[in-house]
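J.: Have a look at the structure that comes next, please.
The values are calculated or read from the model by the stated rules, or taken from the named source; none is laboratory data. Computed from a prediction, not measured in an experiment: that's the story for all the values here. Positions of Cβ are backbone-derived with ideal geometry, glycine not excepted, and every protein chain shown enters the neighbour counts.
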Amino acid sequence: MGKILSALIRTIPSIIVRVLIPIFIMYTLPSMNLPREVLSYLNENLGLHGFLYGLATIGIVISLLSFISGILNPGSRGRLIVSLFRAALSIYFSLYLITLGNIEAMGKLTLSFPFIPQPSILVSFDYTFIVYLVLVAGFLSILKCISDWVGVK
């Protein structure tokens, strides 16, 4: 019982940050007194609701894997496998968040300037360096999982 409670307590921050915040934003966004044009722009160009649903879904899986990892014995292969899956999903979650749900673009975002009639003004952002930093941090996270497992053995 103590192991389950400890795992649940360690999972609560992950649930709050990765699941509850995107759901909260999704359901409070319509009541933020934003003009209807802004909300439709966010939904059409960024796919905001799909993006937030994606974040919450990935967050649920990561939180579940964190809970399972807390229950398993520290030196077991099962914990290593669960930790590696959690680290890989955390990389995906970070990339999904940084690229606003468009991972294929790898840090290149082009938006049309809102509320201006034709000709449309396009604004481009290139932040591939940040995407590569997230990938390096994720790789280091996977190495940490392996070194923790070897250290316990």
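J.: Under the condition of being aliphatic (A, V, I, L, M) and either free of Cβ contacts under 8 Å to residues at least 12 places away in the same chain or touching a Lys or Arg at 6+ places or on another chain (Cβ under 9 Å) (or both), which residue from the range 23-37 is farthest from GLY70 (Cα to Cα)?
T.: Ranking the candidates gives LEU34 first.
J.: Which condition number does SER69 fail, the rest of (1) in contact (Cβ under 8 Å) with a residue 60 or more places away in the chain; (2) hydroxyl-bearing (Ser, Thr, Tyr); (3) not in a helix (DSSP H, G or I) being met?
T.: The number of the failed condition is (3).
J.: Are there any pairs with C-beta distances below 9 angstrom linking a residue in the range 118-141 that is more than 25 Å from PHE85 (Cα to Cα) and among the β-branched types (Val, Ile, Thr) to a residue that is at pLDDT below 80 and not in a helix (DSSP H, G or I), with the two at least 6 apart or on different chains, and if so which?
T.: Close Cβ pairs satisfying both conditions: ILE121/SER112; ILE121/PHE113; VAL123/LEU109; VAL123/THR110; VAL123/LEU111; VAL123/SER112; VAL123/PHE113.
J.: Filter the range 1-31 down to the residues that are loosely packed, with under 13 Cβ neighbours inside 10 Å, under 20 Å from the mean Cα position of the chain (by Cα) and at pLDDT below 90 and list them by number.
T.: Of everything in the range 1-31, those that are loosely packed, with under 13 Cβ neighbours inside 10 Å, under 20 Å from the mean Cα position of the chain (by Cα) and at pLDDT below 90 turn out to be TYR27, THR28.
J.: Of these, LEU48, LEU84, which one is without any contact (Cβ under 8 Å) to a residue 24 or more places away in the chain, within 19 Å of the chain's Cα centre (by Cα) and surrounded by 15 or more Cβ atoms within 10 Å (Cβ to Cβ)?
T.: Answer to the check: LEU48.
J.: Mind checking which residues of the range 1-22 are over 15 Å from PHE93 (Cα atoms) and either in a helix (DSSP H, G or I) or touching a residue at least 40 places away in the same chain (Cβ under 8 Å) (or both)?
T.: GLY2, LYS3, ILE4, LEU5, SER6, ALA7, LEU8, ILE9, ARG10, THR11, ILE12, PRO13
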